[in-house]
Amino acid sequence: MNSALLIVDTQNDFCPGGALAVPEGDRVVPVINQLTGKFRNIILTQDWHPAGHHSFASSHSAKEPFDEVTMDYGRQVLWPDHCIQGTKGAEFHPDLNVESAQLIIRKGFRKEIDSYSGFFENDHQTATGLAGYLKERDVETLYIAGLAADFCVKWTVLDARKLGFQVHVVKDAVQGLDVNGSLDQAWHEMSASGAHFIESKQLLA
Ligand code: VGL
Ligand code: ZN
């Protein structure tokens, strides 16, 4: 059975010093780099927004980052401007081993809709193409790492489970933002979805 390492949004803006920094987000980088040696299939996702993206608080009058609004597709947290196409913040962390990746899925590139999951945009309907790619490559098991545990990692995990993939979240290779309890909730939701949790050392052994 084929497996793949799926590395979610390990980009400068989600690391300390970035526009939407995950506390200790950069801790995942050396862990992920060790894991890449163990996989033949490595896939990256990259948050990739145009300036003025509707998920940015700056695109709404009288809204602050981390406020919520209702979009056509449902609730949306508003974020500081981040991962703007072509900027340093949107680049992968400089120490991340990206050479071994065979596919980069960019997401969130349409102004009107956010995309947390690597599989679907936030309408939960518009596919990114990742599921088709994995299917054609006979990949059935995913090991998931990256940022942020409670947003893009969580939604990628939930969609992967819905699509029937076996999912292992590498616990020490993810870090969360924790907005109003979102991290605890994410662990519960991922667990309830049937995802498994492992430590990197179990994979490296
Ligand atoms: C993410 C918020 C906004 C993530 C991306 O990668 O978890 N979070 N855009
Ligand atoms: Zn984003």
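Readers should treat all values here as calculations from the given coordinates under stated rules, not as data from a laboratory. Here the structure is a predicted model, which means the values were calculated and not measured. Cβ coordinates were reconstructed from backbone atoms using ideal geometry, including for glycine residues, and neighbour counts include every protein chain displayed.
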note = Reduced to Cα centres, the span from the stretch 165-205 to the stretch 111-158 in Å works out to 15
ask   = Using 0.36 nm per residue, how much length does the chain from ASP138 to LYS111 gain when fully extended, once their Cα-Cα distance is taken away?
value = 6.5 nm
Stretch in the chain that is longest and holds no GluC sites (Glu not before Pro) that DSSP places in a loop and that have at most 14 other beta carbons within 10 Å = 113-198
Rg in Å to one decimal, and Dmax rounded to a whole Å, for the stretch 91-205 via C-alpha atoms = 14.1, 44
message = To make sure I understand, if each residue's beta carbon is the centre and we count other beta carbons within 10 Å, what order do ASP159, ASP47, ASP95 fall in, fewest to most?
response = ASP95, ASP159, ASP47
request  = For ASP95 and VAL69, calculate 0.36 nm times their separation in residues minus their Cα-Cα distance, and state this gained length in nm to one decimal.
outcome  = 5.8 nm
Average Cα contact separation per residue, the stretch 46-113, under 8 Å, 6 or more apart, as relative contact order % = 44
query = From the cross-link list LYS111/LYS135; LYS162/LYS201; LYS38/LYS201; LYS38/LYS107, which pairs have alpha carbons spaced over 21 Å apart?
reply = LYS111/LYS135; LYS162/LYS201; LYS38/LYS107
key: Helix-only mean residue ellipticity at 222 nm for the chain, each DSSP H run of n ≥ 4 adding -39500 (n - 2.57), per residue, nearest 500   = -5500 deg cm²/dmol
note = Bridge orientation stat for the chain from DSSP, antiparallel percent rounded to 5, came to 20
note = Fewest-first ordering of ASP178, ASP67 by Cβ atoms within 10 Å yields ASP67, ASP178
request  = In nm, give the distance between the simple-model label positions of ALA205 and VAL179, each being 7 Å from the Cα along the Cα-to-Cβ direction.
outcome  = 3.7
note = Using alpha-carbon positions, the gyration tensor of the stretch 113-171 gives root eigenvalues a ≥ b ≥ c; with a/c under 1.5 called rounded, otherwise prolate if a/b exceeds b/c, else oblate, the class is oblate
ask   = Along the Cα-to-C-beta direction of ILE104, a point sits 7 Å from the Cα; which residues of the stretch 49-76 have their amide N less than 15 Å from that point?
value = 49-50
task = Sum up the charges of everything whose Cβ sits under 11 Å from the Cβ of ILE113, counting Lys and Arg as +1 and Asp and Glu as -1, but leave ILE113 out.
result = -2
remark   = Taking a ≥ b ≥ c as the square roots of the eigenvalues of the Cα gyration tensor, with a/c under 1.5 meaning rounded and otherwise prolate when a/b exceeds b/c and oblate if not, the stretch 10-163 is oblate
task = Over the stretch 1-119, calculate the relative contact order: mean separation of alpha carbon pairs under 8 Å at least 6 apart, over the residue count, as a percent.
result = 33
